[in-house]
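Everything on this sheet refers to the single structure shown next.
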Amino acid sequence: MRLMIISFTSLLAAFTGLSPLYAEQLSNTELYELCSKSPQNSQCNGYQVPIALDDRPGEAGACVVTTKKIETRTVCKLAVNNEKVIAYYEIGEDLEVLSDKKATREIQIPPTTIKTIRYREDAKDNSTARVVNALLFGLGGLFGTRNKKVSEIAIDYTPPSQSESTPATSAPKADAPTPSSVTTEPQTATDTDTVSVVVRRKTGEELRLQLEKLTGLKAETPHADQQPNAETKPPEAHPN
């Protein structure tokens, strides 16, 4: 009997010692599938299932995310509900588990932290479609193809302090893109972060109304004769 107890104890210890090794041997695809179906599984501790931008709510647009004075140009979506604003933006490299799409990170912005809403309407060059339509329909297609009407919405907000911040919801395997220039200046209490997105005109108008209703702020708009600054324009949007 004593021999059986010793043997069982040894077997249990060996199995316990091999369990972490087994977890480490899971491939990214296996870990993704396991944690997508069973997020409470012990092997999913510390792992956050990556989510593609296509699976986030909202309309995708060209985006500039500025956090702690570091500017990242990417693609994002902006969602507004009755409690907060959420920005979802792409990070890292394409992931096989997401069918070669990028993972996303989210920024949750409570309305009380929003300092400024800026809104600007513009027209995006539609040269590619104009050339195609000219080849298909001649002069009618050339002159009948108009530039795309877009809106740029920028939100300046006060970021949470280090003690209040929460872990970013992103995949551990997807590293954020390295910005071209990084500042080492510390962020003060008066500094603000910014999310700026370019979307279709109709979507932009809807987002503006939602933001104004949520925050009670009036969106700042440029004067009619004010020309946009080319150096600070966000990357070109690709609205659907």
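Here is how the numbers come out for the structure above:
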{"quantity": "Residues located in the range 34-49, provided they are within 15 Å of residue 103 (Cβ to Cβ), free of Cβ contacts under 8 Å to residues at least 40 places away in the same chain and out of contact with any Phe, Trp or Tyr (no Cβ under 7 Å at 6 or more places or on another chain)", "calculated": "36"}
{"quantity": "Only listed residue being of a type in the set (A, V, I, L, M), in contact with a Lys or Arg (Cβ under 8 Å, 6 or more places away or on another chain), at pLDDT 90 or above and surrounded by fewer than 19 Cβ atoms within 10 Å (Cβ to Cβ), chosen from 87, 52", "calculated": "52"}
{"quantity": "Residue within the range 9-27 that is of a type in the set (D, E, K, R) and either surrounded by 11 or more Cβ atoms within 10 Å (Cβ to Cβ) or modelled with pLDDT of 90 or more (or both) present", "calculated": "no"}
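The values are calculated or read from the model by the stated rules, or taken from the named source; none is laboratory data. For clarity, every value in this text was computed on a predicted model and none was experimentally measured. Quick reminder, even Gly has a Cβ in these numbers, built from the backbone with ideal geometry, and neighbours come from all protein chains shown.
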